[in-house]
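The values are calculated or read from the model by the stated rules, or taken from the named source; none is laboratory data. Every value quoted in this text rests on a predicted model; they were computed, and no experiment measured them. All Cβ positions, even for glycine, are placed from backbone atoms using ideal geometry, and neighbour counts span all protein chains on display. Note: areas computed on protein heavy atoms with side chains; ligands, DNA, RNA excluded. Shrake-Rupley method; radii C 1.70, N 1.55, O 1.52, S 1.80 Å.
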Amino acid sequence: MGTKGSVKERSIVKINVPRQYAVVMHNDDFTPMDFVVNILMEVFHKEYDDAVNIMMVVHKGDRAVVGTYSYDIARSKAEKAMVLAREEGYPFRITVEES
């Protein structure tokens with residue numbers, strides 16, 4: 001069981017990093033600020049202070065990126081936030097954009 005005469009091969013494995021997608025929250029005049037903060041904490045796992053800061057960026061600037069994820073995760077989080085907003089009757093809007 002010797003290795004005399006055996007050949008070792010090197011394989012080059014190329015791993016593609018998945019594209020990243022930004023989840024973008026848009027401002028509206030009807031969705032309450034506290035609801036937006038709760039969405040940021042529950043769905044996007046932001047700390048309270050970070051959630052308030054992001055909410056204020058959206059409020060003052062019309063939109064903000066709330067996170068960057070792989071496509072499936074970005075779509076899932078955006079959809080979950082939209083469902084929660086619709087259940088409460090808010091016109092809240094989130095989009096997913098390639099970053």
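Around residue 72, what is the net charge, scoring Lys/Arg as +1 and Asp/Glu as -1 over all other residues with Cβ under 13 Å from its Cβ? Working shown, then result.
On the way: positive: 19, 75, 77, 80; negative: 79.
Counting the neighbours of residue 72, the net charge comes to +3.
What does the charge count near residue 55 come to, summing +1 for each Lys or Arg and -1 for each Asp or Glu among other residues with Cβ under 15 Å from its Cβ? Kindly include the intermediate steps, with their values, before the conclusion.
On the way: positive: 46, 60, 63, 93; negative: 28, 29, 34, 42, 47, 49, 50, 62.
Within the 15 Å Cβ shell, the charges total -4.
Can you give the accessible area of residue 28 in Å² (nearest 10), computed on protein heavy atoms with a 1.4 Å probe?
40 Å²
Please give the peptides 10-16, 76-82, 30-36 ranked by average Cβ packing (other Cβ atoms within 10 Å per residue), highest first, as a rough proxy for protection. Display every interim value, and only then the final one.
On the way: 10-16: 4.3, 76-82: 17.9, 30-36: 14.6.
The packing order, highest mean first, is 76-82, 30-36, 10-16.
How much of the accessible area of the chain, in percent, comes from carbon and sulfur atoms when a 1.4 Å probe is used?
The value for the chain is 51 percent carbon and sulfur by accessible area.
Counting helices only, and only those DSSP H runs with n ≥ 4, report the 222 nm mean residue ellipticity of the chain as the sum of -39,500 (n - 2.57) divided by its residues, in deg cm²/dmol to the nearest 500. Mind showing how you got there, number by number?
On the way: 3 runs with 42 residues, N = 99.
-13500 deg cm²/dmol, from helical runs alone.
May I ask you to give the solvent-accessible area per residue for the chain, in square angstrom, as obtained with a 1.4 angstrom probe?
Details: 7400 Å² over 99 residues.
That works out to 75 Å² per residue.
Provide Rg and Dmax in Å for the chain, with only Cα atoms included in the calculation.
21.3, 77
For the chain, find the longest principal axis of its Cα atoms and tell me its angle to the long axis of helix 33-42, 0 to 90°, nearest 10.
Helix 33-42 sits roughly 20 degrees off the main axis of the chain.
Quick one: give the max-minus-min coordinate of the C-alpha atoms of the range 9-65 along each principal axis, largest first, in Å.
Its Cα atoms span 62, 21, 14 Å along the three principal axes.
Out of every Cα-Cα pair in the range 58-99, what percent are more than 13 Å apart?
Numbers: 483 of 861 pairs.
Within the range 58-99, distances greater than 13 Å cover 56 percent of Cα pairs.
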